[in-house]
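Participant: Got a structure here, written out as structure tokens. Questions coming.
The values are calculated or read from the model by the stated rules, or taken from the named source; none is laboratory data. The structure displayed is predicted, hence computed values, not measured ones. Counting neighbours? That spans all protein chains shown, and the Cβs are built from the backbone with ideal geometry, glycine included. Quick note on the areas: whole protein, heavy atoms, side chains included, nothing else; ligands and nucleic acids left out. Shrake-Rupley method; radii C 1.70, N 1.55, O 1.52, S 1.80 Å.
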Amino acid sequence: MKALVWHGKEDIRCDTVSDPEIEHARDAIIRVTSCAICGSDLHLFHNYIPAMMPGDIMGHETMGEVVEVGSGVNGKLKKGDRIVVPFTIICGECEQCKRGNFSVCETTNRNKHLAEKVFGHTTAGLFGYTHLTGGYPGGQAEYLRVPYADATHIKVPDGMTDEQALFLSDIFPTGWQGAAQCDIEPDDTVAVWGCGPVGQMAIRSAILLGAKQVVAIDRIPERLAMAEAGGAITINFDKESVVERLNELTDNKGPEKCIDCVGFESHISMAQPDSVLDRAKQMFMLENDRPHALREIIYVCRPGGIVSIPGVYSGFSDMVPMGALMNKGLTIRTGQTHVNRWTDDLKQRIADGQIDPSFVITHTVPLSQGPEMYRAFRDKQDSCVKVVLKP
Amino acid sequence: MFHFSNLVRSKGDPKIISTGPSSLTSADRLARGLGWFSIALGTLELLAPHRVTNALGMEGREGLVRAYGLRELFAGVMTLSVEKRAGLMSRVAGDGLDMVTLASELRPSNPRAGTVLAAMVMVGGITALDYMCAQDLKAQHDPRRGRKRLYTDRSGFPKGITAAKGVAALPRPTRSTATT
Ligand SMILES: NC(=O)c1ccc[n+]([C@@H]2O[C@H](COP(=O)([O-])OP(=O)(O)OC[C@H]3O[C@@H](n4cnc5c(N)ncnc54)[C@H](O)[C@@H]3O)[C@@H](O)[C@H]2O)c1
Ligand SMILES: [Zn+2]
Ligand SMILES: [Zn+2]
């Protein structure tokens, strides 16, 4: 089959690989009908997250049709079922899964010893996301083996298109969790840093969850326009001071709820000298992350407010203003998304027409164009916001 | 075909049979080559400055050559990183410095003046390569490439924003505030 394979920094190739096979009783294999490139894939593209190996298949936003099931799937799936595959592999049985903390499932990471060394305790296995989280082949491919398939799936209702359902795999529940964990109240201002696909979903989620006003921050005009279309007031950080504008919009008190949809690859610019210093330190392995957005968030957030961090951080971040965080009594909530905690509800909201996540798709191309689309998405060329690949 | 990475795959995992076209462009590859060249040259200048000074008839300036070696290493690391264009431009600046230093050694009394001249020609060629590569990368990564579209019609709410506002808001118990 064809698959997008990581060969090194900025080196993704559309390779011919052998087809996946059932390895365990709880495995299933799907024929992929749609998959997408995520902002998290860019971190791997840039080789910032350790433990990628040449030959790893990329991709964790995938859906398709079940073509084979192992003997232990116990009727939970059958051939021909259409499923979306959550990016977090879950057993459904461990203590964390039972609490709905699916992204920290204790069972599914087959390289637990690595994760325990790096994080202290293991987190869930993830598709196409380094050997720290299991080294599972990803879904930017024609076929995907889904481990623990009896639990790791979201069934697609009849009549729902691929485009509507695909983002249940990651970015829709990610934006939703980012907003939901803000405990939004009707008089809240919710500020969202980053108007990539995750930010776009967080903006819509905050609107659905009833925020008084949603403010979106980025510098890419088409992404800001899309944010505005979704009901946000926008701030272009290249053109105006984020802190000043946010204070202006909130009676000088700062937004109650702040969502970081940027993560550790904050834009580098001379106007934000800390980002340049971070980048220099990153280059010489003195720091892993560029947490400019997070610093800004902690600084501007209203005392007593909530900082929600769906954006990915990879390791050590310097100069995070702990003094402001502590003295203002901020609450931090973060995590890889507990996808299946939210998807039944979100699927219903799509079916009810409350939201249609396909709005974010700007490019639909054959899988073979994947390598060039990684570049276009990274460089924000051709007004690219979200790429869907068709195997 | 043998692929090393196939060794670490589990039984049911796909293994590479043959590789296809890469996301790396020719400019990316050239930058990588120049980056490694910087690392090699920098290491030589840092660890064996005498070899450089002897060849160029500039004995006594080993300290300077070492410093240039360090500079070269920094430029190399930057050129091998995602910010390769900044790395290449820092190489161009470094090449300029090299040229000035070499020119100062181009005195008639230097028995190695011929070698110095040859080195200058080489540095000149590499500077041109660095600059061209940086320009290519700039063009390739330019966000203005492709169509310009604004997505002003993409609300994502089939029933409109007004209908969407707060539909998922939970009915909340009245907040516990200080009673008066
Ligand atoms: N928690 C999870 O489970 C989860 C899931 C998916 C994605 N993510 C993470 O969410 C983040 C965003 O993902 P995406 O797909 O939207 O990626 P993306 O790269 O398309 O979007 C990031 C956006 O942030 C903007 N940005 C950069 N610096 C900024 C700054 N200082 N202030 C404001 N905006 C800034 C960029 O212009 C860009 O539009 C990534 O870190 C990704 O890894 C997390
Ligand atoms: Zn993702
Ligand atoms: Zn579990």
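Participant: Check off (1) assigned to a helix (DSSP H, G or I); (2) farther than 30 Å from A:F377 by Cβ; (3) charged (D, E, K, R) for B:R107 and give me the number that stays unchecked.
Facilitator: (1)
Participant: Condition test on A:N288, is it crowded, with 19+ Cβ neighbours inside 10 Å and either touching a Cys at 6+ places or on another chain (Cβ under 7 Å) or not in a strand (DSSP E or B) (or both)?
Facilitator: Details: crowded, with 19+ Cβ neighbours inside 10 Å: yes; either touching a Cys at 6+ places or on another chain (Cβ under 7 Å) or not in a strand (DSSP E or B) (or both): yes.
Yes; evaluated as a whole, the condition is true for this residue.
Participant: Among the residues of region A:32-56, which ones are open to solvent by less than 10 Å² (accessible area, probe 1.4 Å), β-branched (V, I, T) and more than 15 Å from ligand 2 (Cβ to nearest atom)?
Facilitator: Within region A:32-56, just A:V32 meets the criteria.
Participant: Going through A:I203, A:I184 one at a time, which residue ends up being in a helix (DSSP H, G or I) and either open to solvent by 10 Å² or more (accessible area, probe 1.4 Å) or within 12 Å of chain B (Cβ to nearest Cβ) (or both)? Quick ask: steps written out before the conclusion?
Facilitator: Numbers: A:I184 fails: in a helix (DSSP H, G or I).
Among A:I203, A:I184, only A:I203 is in a helix (DSSP H, G or I) and either open to solvent by 10 Å² or more (accessible area, probe 1.4 Å) or within 12 Å of chain B (Cβ to nearest Cβ) (or both).
Participant: For residues that are of a type in the set (D, E, K, R) and under 26 Å from A:Y374 (Cβ atoms), tally how many sit in region B:23-51. Walk me through it before giving the result.
Facilitator: Of all residues in region B:23-51, those of a type in the set (D, E, K, R) come to B:28-29, B:32, B:45, B:51.
Restricting the remaining residues to those that are under 26 Å from A:Y374 (Cβ atoms) gives B:28-29, B:32.
Within region B:23-51, residues that are of a type in the set (D, E, K, R) and under 26 Å from A:Y374 (Cβ atoms) number 3.
Participant: Return the total of residues in region A:318-340 being in a loop (DSSP other than H, G, I, E, B) and either open to solvent by less than 20 Å² (accessible area, probe 1.4 Å) or within 13 Å of ligand 1 (Cβ to nearest atom) (or both).
Facilitator: Looking only at region A:318-340, we keep the residues that are in a loop (DSSP other than H, G, I, E, B), and these are A:318-321, A:328-330, A:335-338.
Within this subset, residues satisfying the condition of being either open to solvent by less than 20 Å² (accessible area, probe 1.4 Å) or within 13 Å of ligand 1 (Cβ to nearest atom) (or both) are A:335-338.
The number of residues fulfilling the criteria is 4.
Participant: A further question follows. Look through A:G134, A:G120, A:G139, A:G159 and report the one residue that is within 13 Å of ligand 2 (Cβ to nearest atom) and in the same structural domain as A:V32 (by TED's automatic domain parsing). Full working, then the answer.
Facilitator: On the way: A:G134 fails: within 13 Å of ligand 2 (Cβ to nearest atom); A:G120 fails: within 13 Å of ligand 2 (Cβ to nearest atom); A:G159 fails: within 13 Å of ligand 2 (Cβ to nearest atom).
Going through A:G134, A:G120, A:G139, A:G159 in turn, just one is within 13 Å of ligand 2 (Cβ to nearest atom) and in the same structural domain as A:V32 (by TED's automatic domain parsing): A:G139.
Participant: Give the residues of region A:343-388 that are within 16 Å of ligand 1 (Cβ to nearest atom), more than 20 Å from A:T174 (Cα to Cα) and of a type in the set (A, V, I, L, M), sorted by residue number.
Facilitator: A:M373, A:A376
Participant: Okay, moving on. Across region A:144-173, which residue is farthest from ligand 1 (Cβ to nearest atom) among those that are farther than 15 Å from A:K386 by Cβ and among the acidic types (D, E)?
Facilitator: A:D158
Participant: Here's a follow-up. Identify the single condition in (1) surrounded by fewer than 22 Cβ atoms within 10 Å (Cβ to Cβ); (2) acidic (D, E); (3) touching a strand residue (DSSP E or B) at 6+ places or on another chain (Cβ under 9 Å) that A:D379 does not satisfy, given that it satisfies every other one.
Facilitator: (3)
Participant: From the list A:E228, A:E222, A:E248, exactly one residue is within 14 Å of chain B (Cβ to nearest Cβ), part of a helix (DSSP H, G or I) and either surrounded by fewer than 20 Cβ atoms within 10 Å (Cβ to Cβ) or within 16 Å of ligand 3 (Cβ to nearest atom) (or both). Which is it? Reasoning before the result, please.
Facilitator: Details: A:E222 fails: either surrounded by fewer than 20 Cβ atoms within 10 Å (Cβ to Cβ) or within 16 Å of ligand 3 (Cβ to nearest atom) (or both); A:E248 fails: within 14 Å of chain B (Cβ to nearest Cβ).
After applying the criteria, what remains is A:E228.
Participant: For region A:376-391, how many residues meet the condition of being in contact (Cβ under 8 Å) with a residue 40 or more places away in the chain and more than 18 Å from the chain's Cα centre (by Cα)?
Facilitator: Final tally of qualifying residues: 3.
Participant: A follow-up question, please. Quickly run through region A:10-31 and pick out the residues that are surrounded by fewer than 18 Cβ atoms within 10 Å (Cβ to Cβ) and either facing another protein chain (nearest Cβ under 7 Å) or modelled with pLDDT under 95 (or both). Break it down into steps so the answer makes sense when it comes.
Facilitator: To start, the set of residues in region A:10-31 that are surrounded by fewer than 18 Cβ atoms within 10 Å (Cβ to Cβ) comprises A:16, A:18-19, A:21, A:23-25, A:31.
Correct list: A:T16, A:S18, A:D19, A:E21, A:E23.
Participant: Here is a list of conditions, (1) in contact (Cβ under 8 Å) with a residue 24 or more places away in the chain; (2) on the phi > 0 side of the Ramachandran plot; (3) away from ligand 2 (no atom under 13 Å from the Cβ), and A:G128 meets all of them except one; can you say which number that is?
Facilitator: Unmet for A:G128, out of (1) in contact (Cβ under 8 Å) with a residue 24 or more places away in the chain; (2) on the phi > 0 side of the Ramachandran plot; (3) away from ligand 2 (no atom under 13 Å from the Cβ): (3).
Participant: Kindly check whether there is at least one residue in region B:14-35 that is hydrophobic (A, V, I, L, M, F, W, C) and away from every other protein chain (no Cβ under 14 Å).
Facilitator: Yes; the residues of region B:14-35 include at least one that is hydrophobic (A, V, I, L, M, F, W, C) and away from every other protein chain (no Cβ under 14 Å).
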